[in-house]
Amino acid sequence: MTDFTSNAASACRALRACRRPGRSGPTSMQLRGQQTLGSACVPLAQHSVRTVRALDEERMVEVEWEGGGHSLYPFTWLRDNCQCPLCTLDSAQARKLSMLDLDVHTGLDAVEVTNDNKVSVLWPDRHTSAFDADWLKRRCFSAAARRASREELFLNQRHYWDSELRVPTADFQEVLRDDRAALDWLLALRRVGVVHLTGAATERGAVARLAERVGYLRLTFYGHTWQVQDKPMANNVAYTSGKLGLHTDYPAMHFAPGVQFLHCISAAEEGGESEMVDGFHMAELLRREDPEAFRTLCSVHVDFTDTGTDYCDFMLQSKKKSIAEGRVVRINYNNATRDSGAGPPRAAGATLLPVHPGYVDVMNRRENVGDMLTFDNWRLLHGRRDYRSRADRARHLEGAYLDWDEVMSRLRILRSSVRGNA
């Protein structure tokens, strides 16, 4: 089984922070991944090999573990994943063995357990491969081990929520300086989809500083960062004072940014509160309540467009399904940039994503000046109430995007760092 032990406490803290005080469970919220997180609290033992043998007819190596159970590894897979310096560049964990040099029909001459508890394989060409027991155990081919490995690598389980959510909160400065706080932030961002950071200065640049904690900013046609303010001849409906309906950003891009930061530098005199909906939870409700509508949203493409001038001239066009894949992995919905492109007759119904009243109000109140929202743009639909500003204190938010690849990369690095310091 894969080791979940060291990130369990952080993940559990992040999810506990989402529950309303006085509630014993998630009620209408769906707490997904509860079993996985619970299993993470079990201390991890070092794995030891009891016996090993070659199953020539099946072309498998069978490993029997000291703690019980067996694992099977194909001959070809073992040869392809040889960890010796000739076959693997250890400093980069990169394969050097060429596919052209791999005999996919290879047998083996001998297999044994070494004194230091490695599985050693002697191949017909006299090449030797040695595999660490823990390395093999993490790559067990059983269905349970495969599921655990995917969860460890990608954290696909989600905490679904509705209007009962208490948005997880973290301290901006602490996230910048402390690895454990940064790990808790990213775990909650991945599991819950939104984290409210407090304590940033009321000046431009905070979103860039936070992005540097992760990796680098995603450059778009609106720049590395962008200023959400009233603008004459606005090139985006966000740059007006009117109500913004719930939406995801940039569905007009074929690869929309995965994570968004919004920093409140100056609040409106009246109104402007942000609203957010868990699109994954909404999609699951729709799947149960109206399966036909769900199938339509998963199958019919909708045209999106975005045209204007900002960081540079742009004229974007894409076709997206409102709900990406039957196992919901992404929501694409933005009424402002929904195009009038022709499509099949039933496409008209697919452009209207039903919104259940399970939203939460967050940010942009006067007491939240300086605070920042970080949220999953592939999952959450966000909007804003209309507002009124004073001429001497205009409403001003600064925003930025990152991609999930870099966020997950930093999460894994932080998780490794916190484990090492535990």
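Quick note: the coordinates plus some simple rules give every number you see, no bench work behind them. Being a predicted model, the structure only gives us computed values, none of them experimental. Don't worry about glycine lacking a Cβ; one is built from the backbone with ideal geometry, like all the others, and counts go over all protein chains shown.
Determine the shape class of segment 231-319: with a ≥ b ≥ c the square roots of the Cα gyration tensor eigenvalues, call it rounded for a/c under 1.5, and otherwise prolate if a/b is greater than b/c, oblate otherwise.
On the way: a/c = 2.45, a/b = 1.37, b/c = 1.79.
Oblate shape, in that a/c is at least 1.5 and b/c is the bigger or equal ratio.
Only one residue of Ala252, Leu219, Leu197 has its Cα farthest out toward the positive end of the dipole of segment 186-253, where Lys and Arg carry +1 and Asp and Glu -1 on Cβ, and that residue is Leu197.
Would you order His224, His70 from fewest to most other beta-carbon atoms within 10 Å of each residue's own beta-carbon? Show your work: numbers first, answer last.
Numbers: His224 15, His70 12.
In order of increasing Cβ crowding within 10 Å: His70, His224.
When a/c is below 1.5 the answer is rounded, else prolate if a/b is larger than b/c, else oblate, so apply that to segment 274-321 with a ≥ b ≥ c taken from the square roots of the Cα gyration tensor eigenvalues. If you can, show how the numbers build up before the last one.
Working: a/c = 5.50, a/b = 1.89, b/c = 2.90.
Taking the square roots of the gyration eigenvalues as a ≥ b ≥ c, segment 274-321 is oblate.
Straight-line cross-link partners of Lys320 among the lysines, defined as a Cα under 26 Å from its Cα and at least 8 positions apart when in the same chain: Lys243. Listed by chain and number, the lysines whose C-alpha is less than 23 Å from the C-alpha of Lys118, apart from same-chain residues fewer than 8 away, are Lys96, Lys137.
Is there a quick way to get the dipole size of segment 169-416? I mean about its Cα centre, with the Cβ of Lys and Arg at +1 and of Asp and Glu at -1; what is the value in debye to the nearest 20? It would help to have the intermediate numbers written out before the result.
Details: 32 positive and 34 negative charges, 88 e Å.
It works out to roughly 420 debye.
3J(HN,Hα) couplings calculated from phi for segment 187-202 with the Karplus curve 6.51 cos²θ - 1.76 cosθ + 1.60 (θ = phi - 60°) are, in sequence order, 5, 5, 4, 6, 6, 9, x, 8, 9, 9, 9, 10, x, 7, 5, 8 Hz; Gly and Pro show x. Remark: His301, His105, His396, His254 ranked as His105, His254, His301, His396, counting other beta-carbon atoms within 10 Å and listing the fewest first.
Across segment 395-407, computed HN-Hα scalar couplings (Karplus, 6.51 cos²θ - 1.76 cosθ + 1.60, θ = phi - 60°) run 5, 8, 10, 10, x, 7, 10, 10, 9, 5, 4, 6, 5 Hz from first to last residue, x flagging Gly and Pro. The ranking of Tyr333, Tyr311, Tyr239 by Cβ neighbour count inside 10 Å, starting from the fewest, reads Tyr311, Tyr239, Tyr333.
Close amide H pairs (under 5 Å, H built 1.01 Å from N) link Thr169 with His196, residues at least 5 positions away or on another chain.
Overall shape: oblate for segment 45-90, with the ratio a/c of the largest to smallest alpha carbon gyration tensor axis at 1.5 or above and b/c at least equal to a/b.
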